[in-house]
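Working notes, structure below.
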Amino acid sequence: LGWEDPLEKGTATHSSILAWRILKSCLEEISLTMTLGASLFHIKEKQEKNAAYRSLIRAELADELYDRILNIIIIEKRYRNKDFSAKELAVELGTNTRYISAVINSRFNTNFSCLINEYRIKEALHRMKDKRYLDLTIEEIGTLVGFANRQSFYASFYRIMGETPNSYRKRNNGK
């Protein structure tokens with residue numbers, strides 16, 4: 001950031017030392033908040049897996065499945081169904097969950113649960129900013145977009161947005 005400790009630099013004044021200490025304290029608090037938030041919501045680092053079956057799917061089939069997955073999840077908004085699963089999607093597409101997983105991993109660079117939750121969070125963000133939904137609680141919005149419970153909504157929201165739904169809503173419309 002270009003900030004250096006004025007004591008080490010030899011340019012210390014009362015105000016520069018105070019500003020440095022405030023900056024350092026804020027950065028430490030942000031780091032602590034991120035660490036506490038990650039543990040509070042049980043967020044784990046994403047780990048890459050090398051599954052051999054991903055390379056076995058034909059490109060034409062992968063393209064077809066990709067288009068159909070997009071249609072079902074995004075156009076039909078099936079992510080709103082709290083019970084929607086990879087197994088249900090596979091049955092609907094006449095394939096198996098390994099192929100669904102392979103296509104989602106290779107084309108969307110994520111897994112099924114994260115993909116579904118990303119679309120849920122996108123819709124939740126829209127609803128939290130929309131004046132028509134101001135009378136709904138955060139939990140009601142989470143339920144409307146497909147989350148089964150408050151904890152999974154808050155954890156996904158925090159993982160994607162880096163803040164809680166309440167703080168996001170307050171920041172965007174003062175409620």
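The values are calculated or read from the model by the stated rules, or taken from the named source; none is laboratory data. Keep in mind that what you see is a predicted model, and the values were worked out from it rather than measured. Backbone-built Cβ (ideal geometry, glycine too); neighbour counts: all protein chains shown. For accessibility, only protein heavy atoms count, side chains too; no ligands or nucleic acids. Shrake-Rupley method; radii C 1.70, N 1.55, O 1.52, S 1.80 Å.
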Margin query: If I model a spin label at LYS87 and ARG171 as a point 7 Å from the Cα along the Cα→Cβ vector, what separation in nanometres do I get?
Written below: 3.8
Notebook entry, point to check: Mind listing the phi-derived Karplus ³J(HN,Hα) values for region 117-126, rounded to whole Hz, using 6.51, -1.76 and 1.60 with θ = phi - 60°, and x for any glycine or proline?
Noted result: 5, 4, 5, 4, 5, 4, 5, 4, 4, 4
Next item on the list: For region 102-175, give the percent of accessible area contributed by carbon and sulfur heavy atoms, probe 1.4 Å, rounded to a whole number.
Entry: 49
Check: Averaged per residue, what accessible surface does region 71-143 expose to a 1.4 Å probe, in Å²?
Finding: 54
Checklist line | Gap separating the Cα centres of region 116-141 and region 65-104, nearest whole Å | finding: 22
Notebook entry, point to check: What FRET efficiency would be calculated for the residue pair ALA59, ARG80, taking the C-beta separation as r and a Förster radius of 30 Å, to the nearest 0.05?
Noted result: 0.45
Check: Along region 131-142, what does the Karplus equation 6.51 cos²θ - 1.76 cosθ + 1.60 (θ = phi - 60°) give for ³J(HN,Hα), rounded to whole Hz, x for Gly and Pro?
Finding: 4, 5, 10, 4, 7, 7, 6, 4, 5, 5, 5, x
Notebook entry, point to check: Taking 0.36 nm per intervening residue step and subtracting the Cα-Cα distance, what contour gain separates LEU70 from GLU163 on full extension?
Noted result: 30.7 nm
Checklist line | Estimated vicinal HN-Hα couplings, Hz - region 68-78 in sequence order (Karplus 6.51, -1.76, 1.60; Gly, Pro = x) | finding: 6, 5, 4, 4, 5, 6, 8, 5, 7, 6, 5
